[in-house]
Amino acid sequence: MLELSAKAPAFTLPDQNGEAISLSDFLGKKVVLYFYPKDNTPGCTRQACAFAGAYAGFKAQDVVVIGISKDSTASHQRFAQKYDLPFILLSDPELQAIQAYGVWQEKKLYGKVSMGVVRTTFIIDEAGNIEKIMPKVKPDTNAQEILDYLANRG
C-alpha cells in the first residue's frame, strides 16, 4: 500500500478523447485521483455525478479531478457525454496505474470472490506526493468529503 508523503506513482494513460495524459502534466496543482470499478454502474455513476456537481468547488481551488477505471476510452467518452462530466476520465485496461496505486484487490460479492478495482481516492499535492488516501469511499459523499478536507487543511 502506498504511504502518505510518498511520491505518487507516475503514469501516462489515454483520456476519454484518446489523448495521452500524464500525472506529471499537473505538477504545481493539487490533483484528486479517484479510482472506480466501472462506467455506467449505479455507484460509479453516482460518484461521477457527485464530482460533476462539486466541480465548481474544485475548479475554484485550482484542483484537477481525474477518474480512472479499466474501461475503454470509448466507454469513458459515452459516460462523460451521458452525464456531462467536466473532468478527465482515464482508461487503464492494462491496470498500469490501478496496480501501481494498489487498488486492484480481491473483492467479495454475494459470496463470490473476484479481483477488481476497490473504490479509492488519492489527493496528490502540488509536488506530486500523496497527501491523503481515502480507501473504500462512499460514492455519494466522496466529492463533498474532499472539498471539506481541502477547505479545512489551511
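Taking (1) closer than 14 Å to F87 by Cα; (2) outside any strand (DSSP E or B) in turn, S5 satisfies each apart from (1).
Beta carbons closer than 8 Å, at least 6 apart along the sequence or on distinct chains, pair a first residue in region 1-27 that is touching a residue at least 60 places away in the same chain (Cβ under 8 Å) and of a type in the set (K, R) with a second that is open to solvent by less than 80 Å² (accessible area, probe 1.4 Å) and not in a strand (DSSP E or B) for K7/G128.
Checking each residue in region 126-140 for being in a loop (DSSP other than H, G, I, E, B), within 15 Å of V64 (Cα to Cα) and among the charged types (D, E, K, R) picks out only E126. Evaluate region 126-138: report whether one residue or more is more than 20 Å from A54 (Cα to Cα), free of Cβ contacts under 8 Å to residues at least 40 places away in the same chain and among the polar types (S, T, N, Q). The answer is no, given that none of the residues of region 126-138 is more than 20 Å from A54 (Cα to Cα), free of Cβ contacts under 8 Å to residues at least 40 places away in the same chain and among the polar types (S, T, N, Q). Of all the numbered requirements in (1) in contact (Cβ under 8 Å) with a residue 24 or more places away in the chain; (2) touching a Gly at 6+ places or on another chain (Cβ under 7 Å), K107 misses one, and that requirement is (1). Given the condition closer than 19 Å to K30 by Cα, at pLDDT 95 or above, part of a strand (DSSP E or B) and not hydroxyl-bearing (S, T, Y), answer yes or no: does some residue in region 141-153 qualify? Checked against the condition, which is being closer than 19 Å to K30 by Cα, at pLDDT 95 or above, part of a strand (DSSP E or B) and not hydroxyl-bearing (S, T, Y), region 141-153 yields no hits at all.
Only residues that are of a type outside the set (A, V, I, L, M), part of a loop (DSSP other than H, G, I, E, B) and open to solvent by 70 Å² or more (accessible area, probe 1.4 Å) were counted across region 13-39, and they come to 4.
The values are calculated or read from the model by the stated rules, or taken from the named source; none is laboratory data. Only a predicted model underlies this, so the values are computations on that prediction, with no experimental measurement involved. Neighbour counts run over all protein chains shown; Cβ positions are idealised from the backbone, glycine included. Surface areas here come from the heavy atoms of the whole protein model, side chains and all, with no ligands, DNA or RNA. Shrake-Rupley method; radii C 1.70, N 1.55, O 1.52, S 1.80 Å.
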